[in-house]
Structure formats: structure tokens, C-alpha cells
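The block underneath contains the structure these notes are about, expressed in C-alpha cells.
The values are calculated or read from the model by the stated rules, or taken from the named source; none is laboratory data. The model shown is predicted, which means the values in this text are computed figures rather than measured ones. Note: ideal-geometry Cβ built from the backbone for every residue, glycine included; neighbour counts use all protein chains shown. For accessibility, only protein heavy atoms count, side chains too; no ligands or nucleic acids. Shrake-Rupley method; radii C 1.70, N 1.55, O 1.52, S 1.80 Å.
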2 protein chains.
Amino acid sequence: MKVIIPTKTLTETLGHVERVIPSRSSNPGLSLLKVEIDDGRLTFSGSNMDIDVRSVVETDVTGRAEVALPAAVFTQVARALPADTVELDIGDAEVEVRSGSFATRLQLVTAESAPLLDFVDELPGEVDGSLLARALEHVRYAAAVADYQAVFRGVKCELRDGHLRVVATDGFRLASYHVDVTTGIDAEFIIPARSVDELIKTLVPGPARLALDGGQLTVASGGTTLNLKRMDGTFPDYQRVIPQAFPVNVTLAPQRLADAVARVAVMADKSANHRVDLFIKDGVLRITAEGSFGRAQEAIDVLQEGTEDEIALAYNAKYLSDAVGPVVGDLQLRFSGTTSPSVLRDLGDPAYLAMVVPLRTG
Amino acid sequence: MKVIIPTKTLTETLGHVERVIPSRSSNPGLSLLKVEIDDGRLTFSGSNMDIDVRSVVETDVTGRAEVALPAAVFTQVARALPADTVELDIGDAEVEVRSGSFATRLQLVTAESAPLLDFVDELPGEVDGSLLARALEHVRYAAAVADYQAVFRGVKCELRDGHLRVVATDGFRLASYHVDVTTGIDAEFIIPARSVDELIKTLVPGPARLALDGGQLTVASGGTTLNLKRMDGTFPDYQRVIPQAFPVNVTLAPQRLADAVARVAVMADKSANHRVDLFIKDGVLRITAEGSFGRAQEAIDVLQEGTEDEIALAYNAKYLSDAVGPVVGDLQLRFSGTTSPSVLRDLGDPAYLAMVVPLRTG
């Protein structure tokens, strides 16, 4: 059975699937790519247990075929093809790949050797792909890395009538993105942060369709569909800890703060939480750090509102930089006190809220 | 003592020195950067035992100072400076670094804590920096990595009246670059390939001055001087093994061969020397590979000279690609036989010669 498609289409489609499929696995079936032809649709699929992925190319071939082969080798071949089009000639034991003067014959295994995957047909929900990607990109950083309680390594998704909110926290900082939009899905669930990374890469502009089926979220965007396994566990009641009253606010350009923190933090001790100290008084934000190599400081003029007494706080420099990262408009730092959480808002995008807990000083 | 210099000058000058100085070492003195001021010259220096490096900035400061500090921290500070100029205020125990609204105080140690380095004043030899860099870049790849006999991990430099030749080989392939140029130095020596990498990065266009003093080669290019420790040992008598008669030659575009080898080699077995087979007949070069995943082939039209019988050879795909890498003009492959070394020449640059030993077939 012969299929002729543009080489670019093949590599782009394979790209979505190949990122998910592990290049080696103790379960050899997991490293396989399943290739199906059914009435003109050429489908590639695979899984890494946490994520199932399927990507579809429309062609004009007729008939049916279902085979599997090692994903990594096929992708490597596809990336190196010399001509603009590629012909796949799928036989029983081999697939021949021809492009320009190049030809290769890859050995096939039966489709049953690949994981059995189930993609739902009905996707009742819908959201703009770019909007969902932007929301997730704003909060992903705040999820914990390994060694934390499991739910801290996930992103909480709240799809309620009238709003979409995603939240991540590791207990020391939090990021939230809230937009008023109706998705047709009414549920709350937690998706592993690593699966969120894949979802962000897969989402394309235009409507993304959603389904929630037992233990998994299904998202279809462009020609690609992902099944994302949900995490068990209870997400912390984060709204309780976000402060509401702020005796002092300062406003400044986000890049100015990020650059200054990066410079000063060179002197901060890695073994002491990368501590940087902030002092605010008379419209000047002074940032200092001190460690075994010496000390550094930088002063920034800011727009200050609220009390005029000097306030002093300390933060983990990395947490502060991460929180500033997604801010595009003017940055507002809101201080609730020297030991209670500080809040960062993007005056150019009210959907984003970040919270950082100050380090204990003294 | 205060020095004001452009930030760009500081980072560029430090860059040359910082690449050499190890960021951590069991000998803590080795990770130090020595800073000297002497009659307007600001000098940075350091060493990794194989290479000593010194880089100089001309300033208008008077007086003398000699201190040391951790190279990695100072470089990190310099890279992050916010303004176009930087002021270094060197005291006894601290150096204050000021740039725009940023300031840092770094702790100093005595200059005696840093390695004692000796840079010769007389550099009798001279060669164009770009030419020396080009020569070394052409042959560097052929030096062996670890586990080989020591001299195979070096680059042989022959500076004889009227010519400069550099050669590297690991016993399975060889690269040589030969130019007719008088350097004022008459000697042969071997430099570790890793030191050659540093030398290539340091060389700038314009005259580079050379000195050979006992166990080391000294090269001064731009404001930077390197002492490169020579390797002991006897380099193999390579000229004996370069074949002189070639029953078949083929000529083709180097990129065409490199791309085809890369594509076909995806199928080659890593455990079998990445073997690719070449077949030449009737002006067509056919490249094939076969492994556990399947087989691949590609055919290239070439200009064939010599015998018309088909000849067949096998190579390590990586060795073939490496040898083609530096070729800019048309590529000539010269076959001396199916088991004796093949030679690659660049018809656009006769200074370059590469040799690859075929794999045993059958």
C-alpha cells in the first residue's frame, strides 16, 4: 500500500508523536510507533503511559493497514529525507521509504506489539488553543520538581461555567491564570506538570476540543489528540492563603527587576536559598545579596503607593525571577507584610497572579 | 586604585582567560584569576596546568596592584553588568565593581595564592593567526579521544623552513594541512588536542607571535597569550602510510556526500563501527547500510576517473563524514584499493589531505 505525502507533513506529524514515545523503555512495546491507514487517513500513535498521542494526516490513499515499528528510527529517517515528497510503501514485513535518490526498507512488527490505545470520539468541550496554552505557560514554573508531595508536581485545572483557571504551587510560591470563558466542561482535575509541557507544545491556534473521561483529559488541537492521565490527590486550598490587603505596592518594568535580581543574585549563597533582600523606601527599591564571595546591591526607582516607612523582605532570587518571567506589562509588587506572602500582578494582563512567600530574615 | 573600562572590553578579555581556568579544582589556587595593574596595563591571567593564559587591556591608570579572586564569580558579575562602562576599585581586601546603578564588593586573596606563571618576553616566530587557526581546524577532528596511546590525542605541528604542517591521526584516519609559509621557528612538537581547541578560539586575524621554550609553545594573538604544554612521545611516521597510487578517483560535491552518508547511516549498526558500504561503477556512487532495523541506500552521480570495474569498500560512517567536514570546494575521493587507505582531497584547497582506512568487509 503506497502513500505519497510532503516530507514536511510527515516530519511535523511525526514530531508530535515522537516527543511522547520513549526512545528506550523496559517495556519494548512502548517505544513503538503505530501506523494506521484507514480510508485516506494516515494515523501515527504511541504512548508513554502518562500521555497517549495520536496525529493524523489526510491523504488520498484507499484501503486499510495497521503496522508498528520503532519510533526513534523512523523519525530519524524522516528528518533526513532529501526530497520534498516521500513515498511510504507499506508491506507485511517491511515499509519502504523513498525520497529522491534515497531509499530505505524498515522492518515492521505487528500492530498488536504496540500499546492498545483508546481515543474517545465525542469531545464535548471547546476552548481556544492559544488561550489554553497561554494560561498553562503562565503557571507551569510554579509546580514542584521531584521530592515533593505528588499534587505539587501537577497543575490544577478548574473548568467551571464561565471560567477557566489553572494553578500551580510548590508550597513556597504559587501562580494562577484566570480567564472568563465557557468551555462546555464543568470539572476540576490535576494534570502532571510534565504532561502539561507536552500539551503546551501540541496546542495550536484555533479551537481545541476537550473531553473528560474517567481518569483522563483528552485534548484535540490541529491534527493531534492527547489523552492526559489525571493525578489523584487533593490540591491545597490555595485561595485561603492569597492575601487581600497590601500596605505597600510598587510598580516598575518587569525586565528591570529581573535583570537586577539576576545581577545581585550572583553573590547570593546557593546553600541559603539564593537569598536576596529587598528594601523599599521613598520610591526606591534596593536589592542586595551577600555570600561567601562578597556582596552586591542595585537600586531601582519605582512608583510606590501606601506606607512610607521602609519595609524589608527577603526572597529566594529564583522564585522572584520565575514569577516575573511571564509579565508583559508593568509589574506590580504587592507586599502584605514582611513574613506573609507577596503578590505580583501584571498590569498588562489581569489574568495572571503570582505569589511568593518571603524567606525568614534574622 | 580605580580603573574605568568599557564593559564589553572587560567581558571579552575575561572570556579568553575564564575558558581556561577550571571553575572548580582539587587545587583551589587553580580556580583563581590573577589581576595585575602595572603602568596602565590591566592584566588577567590563570592556568589549568596544560595551558597558561594571559589577557591584557590597555588603560590610563597609573600605579601597581596585584591581587587574585575566584575567576568564575568575577566573570559572572562582569557578564551581568548593566551599563556600558564599569569601574573597578581595587583595594587590599576587596574589589568594588560599579556599573550604572549596580555595585558589588568581591573579596580578594593575595596574588601569591594564584599559580605562578611565566610568560616569555621574546617571541621570535610569527604566523598569520587566521591561517594557523584554519590549519588546526582542518585536522583537529582526527585526533583520538581518551583510551588511545597519548600521542594520538595530540596534534603534531611541523614548523620547518618554508612550511607549516599540522597532522592528527588516531590510527584509523588521518588529517593533514600543509601550507608554504615561513614562521621563523624550526621545530616539530605535539600539542594536546584539547589545548589546540583553546588555541583555535584565541587566535584572531593578524600576526600571531610564537616562541618555543623547552616544554611549551607560547602563542600571542590579539591581547591574549597562551603557554601550551607540549606532549612527550614519538608521533607515528604517517607519511609512510599515505598511498600514492589510486586506480579510481571520483569527484562530487562534499555536502551531497555528507548528507547521503548521514541518511543512510541511520540504518547502520552502532555496534559494527557504523558501517556504510560504497559501490562505484559507471559514474554512480551507491551508498548502503544495513542493521537490525532494516537497510537503506542512496545513489549519487559522480565524475569517475580510472578503472571501470565496480569497486566496493566499507567505512565507518562517522570517519567519512568527519573527513568531508572541512571540504569547501569539490571533493575528490581517491581509492588505492579495497583494503588500503583512501584519500580525500579538497579541489578548492590543496592544503588539506584526509585519509580513512576502510573497514574489513566479508
Exercise for the section: Could you check which residue among A:Leu199, A:Leu123, A:Leu32 shows the biggest mean-square fluctuation in a GNM of chain A with a 10 Å Cα cutoff? Expected result: A:Leu123
Fill in the blank from the handout: Expressed in square angstrom to the nearest 10, the accessible area of A:Glu66 with a 1.4 Å probe stands at 90
Exercise for the section: Please list, in chain and number order, the residues 5+ apart from B:Ala208 or on another chain whose amide H is under 5 Å from its amide H, with Hs placed from the backbone. Expected result: B:Val127, B:Asp128, B:Gly129
Handout entry: Listed residue pairs exceeding 27 Å between alpha carbons, taken from A:Lys8/B:Lys281; B:Lys34/B:Lys201; A:Lys318/B:Lys201; B:Lys8/B:Lys229; A:Lys34/B:Lys270
Key = A:Lys8/B:Lys281; A:Lys318/B:Lys201; B:Lys8/B:Lys229
Fill in the blank from the handout: Under 5 Å from the placed amide H of A:Val61, counting only residues 5+ away or on other chains, we find A:Gly40
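Let me know the mean shielding of A:253-260 by other chains, meaning the per-residue number of their Cβ atoms within 10 Å of its Cβ.
1
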Exercise for the section: Taking 7 Å along the Cα-to-C-beta vector as the label spot, tell me the B:Asp170-B:Asp309 distance in nanometres, rounded to one decimal. Expected result: 3.3
Completion exercise
Heavy-atom accessible area with a 1.4 angstrom probe orders A:Ile280, A:Ile311, most exposed first, as A:Ile311, A:Ile280
Exercise for the section: Would you kindly work out, in nm and rounded to one decimal, the distances from the label point of B:Ile242 to those of the same position in each other copy, ordered shortest first, with label points 7 Å along Cα-to-Cβ? Expected result: 7.2
Problem - Karplus (6.51, -1.76, 1.60) ³J(HN,Hα), θ = phi - 60°, over region B:101-116, in Hz, Gly and Pro reported as x - result: 8, 9, 8, 9, 10, 9, 6, 9, 10, 6, 4, 5, 6, 7, x, 7
Practice task
Heads up, I need the accessible area for A:Asp237: 1.4 angstrom probe, whole protein in place, Å², nearest 10.
Solution key: 90
Fill in the blank from the handout: The long-range amide H neighbours of B:Ala314, using H built 1.01 Å from N in the peptide plane and a cut-off of under 5 Å, are B:Leu278, B:Leu359
Completion exercise
With all protein chains present and a 1.4 Å probe, the order of B:Thr43, B:Thr234, A:Thr338 from largest accessible area down is B:Thr234, A:Thr338, B:Thr43
Completion exercise
Expected max-MSF residue from B:Phe189, B:Phe235, B:Phe279 in the GNM of chain B (alpha carbon, under 10 Å) is B:Phe279
Practice task
Tell me the distances, shortest first, between A:Asp309 and the same position across the other copies, using label points 7 Å along Cα→Cβ, in nm to one decimal.
Solution key: 9.9
Exercise for the section: At 7 Å along the Cα-to-beta-carbon direction for both B:Thr182 and A:Asp237, put a label point, then send me their distance in nm to one decimal. Expected result: 9.1
Practice task
Tell me, for the rotation carrying B onto A, which chain B residue has the beta-carbon closest to the axis and what that distance is in whole Å.
Solution key: B:Ser23, 16
Exercise for the section: Would you mind giving the mean number of other chain beta-carbons within 10 Å of the Cβ of each residue in A:203-210, as a whole number? Expected result: 0
Problem - Peptide-level mean, for B:72-81, of C-beta atoms on other protein chains within 10 Å - result: 4
Fill in the blank from the handout: Taking a ≥ b ≥ c as the square roots of the eigenvalues of the Cα gyration tensor, with a/c under 1.5 meaning rounded and otherwise prolate when a/b exceeds b/c and oblate if not, the protein assembly as shown is oblate
Practice task
With a 1.4 Å probe and every protein chain kept in, tell me what percent of the accessible surface of the protein assembly as shown is carbon plus sulfur.
Solution key: 47
Exercise for the section: Normalising by the residue count of chain B, find the relative contact order in percent from Cα pairs under 8 Å and 6+ residues apart. Expected result: 12
Problem - Accessible area in the full protein assembly, largest first, 1.4 Å probe, for A:Tyr148, A:Tyr141, B:Tyr315 - result: A:Tyr148, A:Tyr141, B:Tyr315
Practice task
For B:Pro22, place a label point 7 Å out from Cα along the Cα→Cβ vector, do the same in each other copy, and report the separations in nm, one decimal, smallest first.
Solution key: 3.6
Practice task
Please give the solvent-accessible surface of B:Glu112 in Å², to the nearest 10, using a probe radius of 1.4 Å with every protein chain present.
Solution key: 140
Fill in the blank from the handout: Averaged per residue, the 1.4 Å probe accessible area of region A:2-113, protein heavy atoms only, in Å², is roughly 45
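Would you compute, from DSSP H runs of 4+ residues alone, the mean residue ellipticity of chain A at 222 nm, taking -39500 (n - 2.57) per run and dividing by the full residue count, rounded to the nearest 500? Show your work: numbers first, answer last.
On the way: 6 runs with 61 residues, N = 362.
Value at 222 nm, helices only: -5000 deg cm²/dmol.
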Practice task
For region B:27-44, just list the computed ³J(HN,Hα) in residue order, Karplus coefficients 6.51, -1.76 and 1.60, θ = phi - 60°, integers in Hz, with x standing in for Gly and Pro.
Solution key: 9, x, x, 5, 8, 8, 9, 8, 10, 10, 10, 8, 6, x, 9, 9, 10, 10
